[in-house]
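What follows is calculated from the coordinates using simple rules that are stated; it is not laboratory data. Here the structure is a predicted model, which is why all the values come from computation and not from measurement. No Cβ is skipped: glycine too gets one built from the backbone with ideal geometry, and neighbour counts run over all protein chains shown.
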Amino acid sequence: MPLKGEYEPSTAQFVRDQVELYESSGGAQGTTLGVLVTREEDEKLEDVPVVILTTLGAKSGKIRKSPLIRVEHDGNYAVVASAGGAPKHPVWYHNAVADPRVELQDGPMRQDMLAREVTGNEKAVWWARAVEAFPPYAEYQRNTDREIPVFVLEPAAQEH
Ligand code: F42
């Protein structure tokens, strides 16, 4: 069931713009993040796939949309609350904790998901997948004492 509420764009212009391009193109444009990535000592510019996470504002009740790196495995996804390794969690983290009902847009596909913060071995497995998709995550974690949270998103129909 799609989340209901008034959309409140991000306070960050590049984020607003990417969400706008992603959604207005039906997931055909704005679906990557150009980033310098080092893999096995080889550094090159990659267009890393991006998804759009929609959450309900934990305080405002408004619809919030965050472009995040696409980390997918067997139809489930992980989203990483890295905020570039900042000392504080991104605000959308608190939204997903307060209400696990989220929407995920991956290219043209949009689905209702349930977000579950993962820990321990399950987190380690997804963290490895996330770093494979976006190696800078490893550096972000090295550069902050904050433990960067990971949510696993499962299709809402599979409610346990
Ligand atoms: N951020 C990540 O954390 N991980 C990623 O993998 C990632 C990839 C990525 C790719 C492309 C791109 O363009 C951006 C990317 N980002 C990534 C950045 C991401 O999209 C977010 O901008 C970033 O994580 C910061 O999220 P934020 O939720 O802290 O955004 C701020 C700027 C923001 O919008 N703040 C709003 C404001 O008005 O200040 C509030 C937003 C909000 O949700 N408010 C809640 C409400 O109730 O409405 C309050 C919740 C509460 O409890 O305080």
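Extent along the principal axes, Cα only, for segment 1-147: 45, 33, 31 Å, with the longest axis given first. The Cα center of segment 63-90 and the Cα center of segment 95-155 differ in position by 5 Å.
Of the three principal axes defined by the Cα atoms of segment 16-65, the extents in descending order read 45, 25, 13 Å.
Give, in nm to one decimal, the length gained when the segment between Glu20 and Thr38 is fully stretched (0.36 nm per residue of separation minus the Cα-Cα distance).
Numbers: separation 18, 0.36 × 18 = 6.48 nm, distance 2.92 nm.
Gain on extension, Glu20 to Thr38, equals 3.6 nm.
Defining a contact as two alpha carbons under 8 Å apart and six or more residues distant in sequence, what relative contact order in percent does the chain show? Averaging sequence separation for qualifying contacts and normalising by length gives 24 percent for the chain.
Inter-label distance, Arg101 to Glu132: 3.3 nm, where each label sits 7 Å from its Cα along the C-beta direction. Note on the chain: with a GNM built from Cα contacts shorter than 10 Å, the maximum mean-square fluctuation among Arg142, Arg64, Arg16 falls on Arg142. The length gained on full extension between Gln29 and His89, counted as 0.36 nm times the residue separation minus their Cα-Cα distance, comes to 18.8 nm.
Report the one residue of Val152, Leu3, Gly120 whose Cα lies farthest in the direction of the positive end of the charge dipole of the chain (charges on C-beta: Lys and Arg +1, Asp and Glu -1; origin at the Cα centre). Positive-end residue among those listed: Leu3.
On the principal axes of its alpha-carbon atoms, segment 90-151 has extents of 32, 26, 22 Å, going from largest to smallest.
Here the extension length gained between Thr11 and Val125 equals 37.8 nm, from 0.36 nm per residue of separation less the Cα-Cα distance.
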